[in-house]
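Please treat every number below as a calculation from the coordinates, not as lab data. Note that the structure is a prediction, hence the values are computed from the model and not measured. Note: ideal-geometry Cβ built from the backbone for every residue, glycine included; neighbour counts use all protein chains shown.
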Amino acid sequence: MRKIVHIDMDAFYASVEQRDQPDLKGKPVVVAWRGQRSVVCAASYEARRYGIRSAMPALRAEKMCPDAIFLPPDFTRYREVSQQIREIFVSHTDLVEPLSLDEAYLDVTENKAGLGSATEVAEMIRAQIQERTTLTASAGVAPNKFLAKIASDWRKPNGIFIVRPHQIEQFLKDLPVKKLPGVGKATQSTLSGMGVTAVSDLLQFEIRELESRFGRFGARLYNLARGIDHNEVRPDRPRKSISSEQTFESDLSLGELTVPTQSAAERTWIHATKSDRIGRTVVLKLKTSDFQSITRSLTPSVRPTSLEELSAVALQLLDRIDLPATTRYRLAGVGLSNFVDSDEASMQSTLFDEI
């Protein structure tokens, strides 16, 4: 049985800002670009008390807390701190799978310090992070990845939660199904229609019935409800794509998609800046009111190196939608794919290629 630790830094970007600017401690700090289309990258716990959350429109956050201090993100500085934290991780195990600058999975079934339990390893890592960076981290400890990730959120901030093998059933019983990885709004709505709101409700369904409703994901749901996750911690797992999409409250015309497309591009850019890899292909995804999916993608000769460039390419793709003018759209998304490592990007020169 594996011993998995999920480490998640507490309000990472905002905490770095508060650390480096002591006058910000105890104040509501929001890391975001200013502007009508900007979204929140991170919010301090003081700001979260007002309901401010990541990915929320910045204008909405301003209305919720007029006294909030808005700071533009400094990803270069965040990466430097993240590298310090990662060095701590690899001092304990080589099996480290970063998810972003501020969180990672660690397989500590065998650990370099020779500690007797995963809980001891997690506590030592948290102490070392605080000693080296003065920042706090929360941890989840469990026999597999998905349980560890859920557990790390249980006692935030600056906490640890352990799910031991004999506790899995009790831990999952009353957990809302929306907490399961892969369960988005659409899947949650379908499950709700089946009378499923908590994980325990899934136990009444056979695997074949779930597969008939959800395809291959049905088997995943069946296993997750029973605390089963065979996914291994894979160091340097290559990411195939990064994307963000939004389903609208009411269907929009093509002419009304400019702002949602730009907002999706910004959310994608925020996620992309957390990665050490660089996406060269921009993807636009739309879904019509009758659930028809449309994608357009473009690989420019020079990869997007800023939010403005990503937005510009996404809007170019929006201009190439040739459906009837009466078509209404229920969803818009922007993604990046075709990744290369950052040190490869400067060496690559590609021809303009529209897909």
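Pick the calculated Rg and Dmax of the Cα atoms in Å for this structure from [x] 23.3, 69; [y] 21.5, 66; [z] 19.6, 60?
So the calculated entry is the one marked [y].
Normalised by the number of residues in the chain, what is the relative contact order in percent for Cα pairs under 8 Å and 6+ residues apart?
Over the chain, the number comes to 15 percent.
Order by neighbour count: Tyr105, Tyr13, fewest other Cβ atoms within 10 Å first, most last.
Ranked by crowding around the Cβ, least crowded first: Tyr105, Tyr13.
Mind checking the stretch 240-292 for chymotrypsin sites (Phe, Trp or Tyr not before Pro) that DSSP puts in a loop (not H, G, I, E or B) and that have at most 14 other Cβ atoms within 10 Å?
Phe291
Sort Met56, Met9 so that the residue with the fewest other Cβ atoms within 10 Å of its own Cβ comes first and the one with the most comes last.
The fewest-first ordering by Cβ neighbours comes to Met56, Met9.
Lys/Arg Cβ at +1, Asp/Glu Cβ at -1, dipole of the chain taken about the Cα centre: which of Val282, Ser263, Ala148 is farthest positive-ward?
Farthest towards the positive pole: Ala148.
Please rank Leu254, Leu210, Leu286, fewest neighbouring Cβ atoms within 10 Å first, as an exposure proxy.
With the sparsest Cβ surroundings first, the list reads Leu254, Leu210, Leu286.
For a test of the definition: using alpha carbon positions, the gyration tensor, and the 1.5 limit on a/c, classify the stretch 13-75 as rounded, prolate or oblate.
oblate
Counting each DSSP H run of 4 or more residues in the chain as -39500 (n - 2.57), what helix-only mean residue ellipticity at 222 nm follows after dividing by all residues, to the nearest 500 deg cm²/dmol?
The helix-only estimate for the chain comes to -10000 deg cm²/dmol at 222 nm.
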